[in-house]
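As structure tokens, the structure follows; a few thoughts come after it.
The values are calculated or read from the model by the stated rules, or taken from the named source; none is laboratory data. Everything numeric here is computed off the predicted structure, so don't read it as measured data. Backbone-built Cβ (ideal geometry, glycine too); neighbour counts: all protein chains shown.
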Amino acid sequence: MTKLLEVNDLRKYFPIQKGIFQRTIGYVKAVDGISFDVQRGETLGLVGESGCGKTTAGRCLLRLIPPTSGSFIFGEEQVDLAKLSHQELRPFRRRIQMIFQDPHASLNPRMTVGDIVGEPMRVNRTETGSALQDRIVELLESVGLRSQDTRRYPHAFSGGQRQRIGIARALALQPELIVADEPVSALDVSVQAQILNLLSELREKFQLSYIFIAHDLSVVEHISDRVAVMYLGKIVEISDAETLYQSPKHPYTEALISAVPLPDPSVQRKREHIRLEGDVPDPSQPPTGCYFHPRCRYATDICKQETPELRQITEGVQVACHHSDTLALQGV
Amino acid sequence: MASAEKTSDQTPLLEISGLKTIFPTDDGIVNAVNDVSFSIARGQTVGVVGESGCGKSITGLSMLQLVPSPGRIEAGEILFYRNADDEPLDIAQVSPKSELMRQIRGNEIAIIFQEPMTSLNPVYTVGNQIAEAVMLHDQVDKKTARERAIEMIARVGIPAPAQRVDEYPHQLSGGMRQRIMIAMALCCSPTLLIADEPTTALDVTIQAQVLGLMQELQAEMGMAIMLITHDLGVIADLADEVVVMYSGRVVERGSVDDIFYNPLHPYTQGLLKSIPVLGRTPQSTLPSIPGTVPHPLALPDGCSFGPRCPERMPKCDEMPELVGINGKTENDGHAVRCWLHTDV
Ligand SMILES: Nc1ncnc2c1ncn2[C@@H]1O[C@H](COP(=O)(O)OP(=O)(O)O)[C@@H](O)[C@H]1O
Ligand SMILES: Nc1ncnc2c1ncn2[C@@H]1O[C@H](COP(=O)(O)OP(=O)(O)O)[C@@H](O)[C@H]1O
Ligand code: SF4
Ligand code: SF4
Ligand SMILES: [Mg+2]
Ligand SMILES: [Mg+2]
């Protein structure tokens with residue numbers, strides 16, 4: 001495998017402003033120094049409770065918002081996308097695309113499906129005339145829609161079909177990487193399975209890589225090769241999907257897994273449940289030391305004082321916990 | 001989560017039969033709830049599961065005569081055994097605005113929704129709102145009601161209750177707001193709590209807290225719970241009995257073990273197979289159900305699941321009845337609405 005993207009120490013701090021002079025009185029450290037890489041053809045899952053910075057990280061990668069610091073080295077060219085001007089960024093824009101949670105909000109209700117899917121190609125002048133029309137039909141068919149659908153408007157489609165339209169649009173410029181932000185969270189279970197299958201199929205067909213963002217661990221496990229777990233703007237564990245769920249190495253990962261109710265009543269009755277107390281802390285005033293310590297049942301004194309670094313503990317497994325060597329945590 | 005301390009004694013609390021709730025619209029009549037029958041025993045948890053639009057919420061609202069206009073209950077019975085010895089009361093016949101209905105809503109059947117912000121008043125403190133609910137139920141003065149509010153806030157596991165009592169809903173996290181809703185719903189010790197997607201908007205860790213709290217309070221107070229959700233994991237976790245709905249109808253009903261280990265309806269089977277399960281060796285393709293739920297004004301003839309069903313046969317052009325399995329009657333035990341399991 002070759003590396004497609006390498007993210008180093010990405011940070012995004014949102015200023016908190018107050019008063020008529022909009023003085024900055026603090027920062028929401030939405031993304032607080034995360035590093036990971038994505039191989040070509042790979043799906044990296046990004047999980048964590050709401051507010052932990054998943055969406056912000058995704059939006060930074062696409063340069064939809066400017067990162068505070070960090071670098072993202074992309075492609076064979078090894079270009080640092082974080083440093084490029086908007087002008088220089090243009091040729092790279094088409095190579096990374098995004099799919100959103102709410103397909104309804106991200107599709108212009110006044111445009112036909114054909115116009116929506118064709119727009120990126122028109123703007124980038126990659127296709128014109130009848131070649132453009134053919135390409136639109138080809139894209140719609142590859143996501144399971146029909147050529148007749150080009151003339152219809154988004155409101156005439158169900159949630160699952162609208163997500164297909166969003167996917168077709170994301171594929172229009174033949175991207176290499178797709179950042180999918182909660183793409184199935186708003187869908188009914190039977191439709192969710194259809195979209196997950198479609199994403200897997202398209203990955204094979206077009207050799208795509210995904211960064212798949214979701215709060216649903218079961219969905220993330222299903223689709224991902226590797227998974228990164230975020231807590232309060234930091235990655236606390238990265239590992240291949242199976243290892244992560246079978247033998248988590250970070251107490252937060254263990255707690256998240258334990259909280260997922262399994263659709264199997266007798267297993268569910270037998271499982272030991274780790275109940276996390278309290279809510280995720282306010283990211284503008286994170287706890288000292290390990291951000292997870294106020295909710296961690298294994299916390300000791302050092303956890304309150306020193307922030308653990310993300311470090312490799314075995315091949316492919318990175319964890320940010322002072323005690324990961326000695327803890328025996330339970331998986332699914 | 002162990003449900004060992006449950007006090008379900010199998011005497012009926014509520015028996016719904018042939019319930020039909022409709023919405024007249026410009027384009028035709030929507031049969032939101034169509035010939036729905038199931039019962040809830042005292043202290044029991046009944047899970048109602050199905051995809052969006054299948055009639056779960058309207059079933060719950062019908063049970064409290066809270067169906068939004070222009071909707072109305074068109075047929076059926078909702079027999080409520082207020083006391084174990086008395087004749088039941090048919091809620092379907094009680095006027096929505098009557099004093100009797102208000103009493104039932106205030107004291108006997110409580111409801112909580114997915115988004116507590118819609119039911120909490122933003123301009124009053126949570127303490128005021130709980131105290132209000134307490135005073136509706138008991139003849140107590142303001143001071144006592146406030147003390148009870150603080151007690152309830154503590155009971156639902158919110159830290160620093162004496163401070164929280166004076167906060168406004170927007171100052172609380174989503175999980176805390178749902179706890180406040182539970183506190184309000186339970187301050188009158190209802191015999192039934194209808195929980196409509198109570199944890200759908202919450203993170204898994206907070207969901208586990210809220211569901212755990214509901215179970216503890218149920219063990220303590222002995223109320224029955226009707227738990228509406230689309231999440232089969234939540235159903236497996238909490239429910240004793242399960243009702244599976246599709247397009248306004250009950251398509252399968254049974255104990256939680258019947259539904260998960262011996263599902264008979266092709267829709268139930270499809271749902272169970274199509275969800276990714278944590279820790280189960282991932283398959284590259286999930287067995288998905290083709291197509292989507294039909295529009296309520298364009299239902300197919302016969303079995304509503306027909307167009308998506310892998311087992312469809314000519315007989316399916318007619319609507320099957322809900323029938324009992326293994327010689328049981330349709331009202332008792334495992335029942336399914338499918339021609340594959342209907343002996344003619
Ligand atoms: N534009 C913004 N301005 C200020 N704070 C923001 C902004 N966008 C997100 N945040 C904050 O950043 C944190 C991370 O948010 P987000 O990336 O949306 O998390 P997630 O996607 O994991 O739920 C949250 O505390 C959120 O309130
Ligand atoms: N106010 C309304 N007017 C017309 N139809 C409605 C109204 N409310 C609900 N319905 C219809 O009733 C059906 C059942 O809705 P609901 O009980 O909310 O489903 P669920 O809770 O299972 O998602 C749906 O088809 C919905 O479109
Ligand atoms: S560093 Fe300490 S507080 Fe943080 S996860 Fe590890 S044991 Fe828990
Ligand atoms: S009645 Fe027929 S179409 Fe309906 S679920 Fe049974 S087999 Fe399928
Ligand atoms: Mg997000
Ligand atoms: Mg509903």
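Every residue, every condition in (1) among the polar types (S, T, N, Q); (2) modelled with pLDDT of 95 or more; (3) closer than 21 Å to residue B:202 by Cβ, yes or no:
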position: B:90; (1), (2), (3): no, yes, no
position: B:96; (1), (2), (3): no, yes, no
position: B:102; (1), (2), (3): no, no, no
position: B:116; (1), (2), (3): no, no, yes
position: B:122; (1), (2), (3): no, no, yes
position: B:133; (1), (2), (3): no, no, no
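One residue stands out among those in region B:50-87 that are more than 14 Å from residue B:38 (Cβ to Cβ) and of a type in the set (Val, Ile, Thr): the one that is farthest from ligand 5 (Cβ to nearest atom), which is B:73. Condition first: away from chain A (no Cβ under 14 Å), more than 16 Å from the chain's Cα centre (by Cα) and more than 28 Å from residue B:58 (Cβ to Cβ). Can you find one or more residues in region B:198-209 that meet it? No, the conditions are met nowhere in region B:198-209. Here residue A:112 meets the list (1) touching a Phe, Trp or Tyr at 6+ places or on another chain (Cβ under 8 Å); (2) hydroxyl-bearing (Ser, Thr, Tyr); (3) under 30 Å from residue A:217 (Cα atoms) almost entirely, failing just condition (3).
Note on region A:279-297: residues that are touching a residue at least 24 places away in the same chain (Cβ under 8 Å), surrounded by 18 or more Cβ atoms within 10 Å (Cβ to Cβ) and near ligand 3 (Cβ under 10 Å from one of its atoms) total 5.
Quick check on region A:37-52: of everything there that is crowded, with 21+ Cβ neighbours inside 10 Å and away from chain B (no Cβ under 14 Å), which residue is nearest to ligand 1 (Cβ to nearest atom)? So, considering only residues that are crowded, with 21+ Cβ neighbours inside 10 Å and away from chain B (no Cβ under 14 Å), the one nearest to ligand 1 (Cβ to nearest atom) is A:46.
Reported count of residues in region A:177-202, each being within 17 Å of residue A:100 (Cα to Cα) and either in contact with a strand residue (DSSP E or B) (Cβ under 8 Å, 6 or more places away or on another chain) or within 16 Å of ligand 4 (Cβ to nearest atom) (or both), is 8. Considering only residues that are more than 8 Å from chain A (Cβ to nearest Cβ) and more than 30 Å from residue A:157 (Cα to Cα), which ones fall in region B:240-260? Of everything in region B:240-260, those that are more than 8 Å from chain A (Cβ to nearest Cβ) and more than 30 Å from residue A:157 (Cα to Cα) turn out to be B:240, B:241, B:242, B:253, B:254, B:255, B:258, B:259. Among the residues of region B:164-188, none is identified as outside any helix (DSSP H, G or I), of a type in the set (S, T, N, Q) and in contact with a helix residue (DSSP H, G or I) (Cβ under 6 Å, 6 or more places away or on another chain).
One line per residue, one yes/no per condition, for (1) more than 25 Å from residue A:186 (Cα to Cα); (2) not polar (S, T, N, Q):
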{"residue": "A:15", "(1), (2)": "yes, yes"}
{"residue": "A:24", "(1), (2)": "yes, no"}
{"residue": "A:49", "(1), (2)": "no, yes"}
{"residue": "A:58", "(1), (2)": "no, yes"}
{"residue": "A:62", "(1), (2)": "no, yes"}
{"residue": "A:80", "(1), (2)": "yes, yes"}
{"residue": "A:94", "(1), (2)": "yes, yes"}
{"residue": "A:103", "(1), (2)": "no, yes"}
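Of the helices (runs of 4 or more DSSP H) contained entirely in region B:15-126, those carrying at least 1 residues that are within 16 Å of ligand 6 (Cβ to nearest atom) and either more than 27 Å from residue B:149 (Cβ to Cβ) or within 14 Å of chain A (Cβ to nearest Cβ) (or both) fall at B:56-62.
For every residue, the table says whether it meets (1) in contact with a Gly (Cβ under 8 Å, 6 or more places away or on another chain); (2) at pLDDT 95 or above; (3) within 16 Å of ligand 6 (Cβ to nearest atom); (4) aliphatic (A, V, I, L, M).
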residue	(1), (2), (3), (4)
A:7	yes, yes, no, yes
A:12	yes, yes, no, no
A:22	no, no, no, no
A:25	no, no, no, yes
A:33	yes, yes, no, no
A:37	no, yes, no, no
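Quick grid of which residues meet (1) farther than 22 Å from residue B:241 by Cα; (2) small (Gly, Ala, Ser); (3) modelled with pLDDT of 95 or more:
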| residue | (1), (2), (3) |
| --- | --- |
| B:299 | yes, no, no |
| B:313 | yes, no, yes |
| B:318 | yes, no, yes |
| B:328 | no, no, no |
| B:331 | no, no, no |
| B:339 | yes, no, yes |
| B:342 | no, no, no |
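Looking only at region B:201-217, residues that are away from ligand 1 (no atom under 16 Å from the Cβ) and of a type in the set (S, T, N, Q) come to 2 in all.
Per-residue answers, yes or no, for (1) away from chain B (no Cβ under 14 Å); (2) more than 16 Å from ligand 4 (Cβ to nearest atom); (3) modelled with pLDDT under 95; (4) closer than 30 Å to residue B:174 by Cβ:
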| site | (1), (2), (3), (4) |
| --- | --- |
| A:64 | yes, yes, yes, yes |
| A:69 | yes, yes, no, no |
| A:82 | yes, yes, yes, no |
| A:90 | yes, yes, yes, no |
| A:98 | yes, yes, yes, yes |
| A:101 | no, yes, yes, yes |
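Specify the residue that is farthest from the other protein chains (Cβ to nearest Cβ); the eligible residues are those in region B:210-239 that are aliphatic (A, V, I, L, M) and farther than 23 Å from residue B:15 by Cα. Here the answer is B:217. Residue-level analysis places residue B:212 outside the set of residues that are surrounded by fewer than 19 Cβ atoms within 10 Å (Cβ to Cβ), touching a residue at least 60 places away in the same chain (Cβ under 8 Å) and farther than 30 Å from residue A:188 by Cα.
The set of residues from region B:165-197 being within 16 Å of ligand 1 (Cβ to nearest atom) and away from every other protein chain (no Cβ under 14 Å) comprises just one member, B:170. State all residues of region A:263-285 that are at pLDDT below 95 and within 26 Å of the chain's Cα centre (by Cα); if no residue qualifies, say none. Within region A:263-285, A:274, A:275, A:276, A:277, A:278, A:279, A:280, A:281, A:282, A:283, A:284, A:285 qualify. Which residue is modelled with the highest pLDDT, if the candidates are limited to region B:135-164 and must be surrounded by fewer than 14 Cβ atoms within 10 Å (Cβ to Cβ) and within 14 Å of chain A (Cβ to nearest Cβ)? So the residue we want is B:160. Selection of first residues in region A:253-278 that are facing chain B (nearest Cβ under 7 Å) and under 20 Å from residue A:47 (Cα atoms) and of second residues that are acidic (Asp, Glu) and buried (at least 18 other Cβ atoms within 10 Å of the Cβ), restricted to Cβ pairs under 6 Å at least 6 apart or on distinct chains, gives the following pairs, ordered by first then second residue: A:261/B:237.
The criterion of being within 13 Å of chain A (Cβ to nearest Cβ), surrounded by fewer than 20 Cβ atoms within 10 Å (Cβ to Cβ) and more than 24 Å from the chain's Cα centre (by Cα) holds for residue B:291.
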